[in-house]
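What follows is calculated from the coordinates using simple rules that are stated; it is not laboratory data. From a predicted model like this one, the values you see are computed outputs, not experimental measurements. Backbone-built Cβ (ideal geometry, glycine too); neighbour counts: all protein chains shown.
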């Protein structure tokens, strides 16, 4: 079960692709967010299915196409898993296990470990409040909240925070696909110089 939770949360939020061709952004703020390459964030994640719900904390560090995502859970924030990746290579180490699991993509790793996968490569865009520019999407507005549909997922950006003057990033979002709901509450964003 620990492996399932680790794979669902960490793999869902991983980013492993190089930056795709970007569309013309609508605003200067959006253009900046599309170009963000070096950043980190801390968040709480809740993953709910019809039969169960799991919660964890995650810490994500992105340096261009390379990333490190750590996940903790429980009352003492015990390590659950750490994922490291770059284009063409993803590795996950589950706490308490000697084995390291590797694959060419987060989707392939999740498929191999669980027998099913999620469209994880889109999440690097979604958590920044943007649809993946490489895929079609439909943008909707509900009660002045950003809401878009992409790859069979319904993404709601429920709240933003200003992380520096003129730059707002999500602090709360919900992603829904069939009976799966992923809630993310981001407590900290940090941007790093190139």
- Item | Of all residues making up region 83-102, the number that are free of Cβ contacts under 8 Å to residues at least 40 places away in the same chain and crowded, with 19+ Cβ neighbours inside 10 Å | 1
- Query: Exactly one of (1) more than 15 Å from residue 40 (Cβ to Cβ); (2) surrounded by 19 or more Cβ atoms within 10 Å (Cβ to Cβ) is unmet by residue 147. Its number?
  - Reply: (2)
- Task: From (1) more than 22 Å from residue 52 (Cα to Cα); (2) in contact with a strand residue (DSSP E or B) (Cβ under 6 Å, 6 or more places away or on another chain); (3) touching a residue at least 40 places away in the same chain (Cβ under 8 Å); (4) surrounded by fewer than 17 Cβ atoms within 10 Å (Cβ to Cβ), pick out the condition that doesn't hold for residue 189.
- Result: (4)
- Query: Among (1) over 17 Å from residue 60 (Cβ atoms); (2) in contact with a strand residue (DSSP E or B) (Cβ under 9 Å, 6 or more places away or on another chain); (3) part of a loop (DSSP other than H, G, I, E, B), where does residue 129 come up short?
  - Reply: (1)
- If you scan region 158-179, which residues turn out to be out of contact with any helix residue (DSSP H, G or I) (no Cβ under 9 Å at 6 or more places or on another chain) and either surrounded by 15 or more Cβ atoms within 10 Å (Cβ to Cβ) or assigned to a strand (DSSP E or B) (or both)? 158, 159, 160, 161, 162, 163, 164, 171, 172, 174, 176, 177
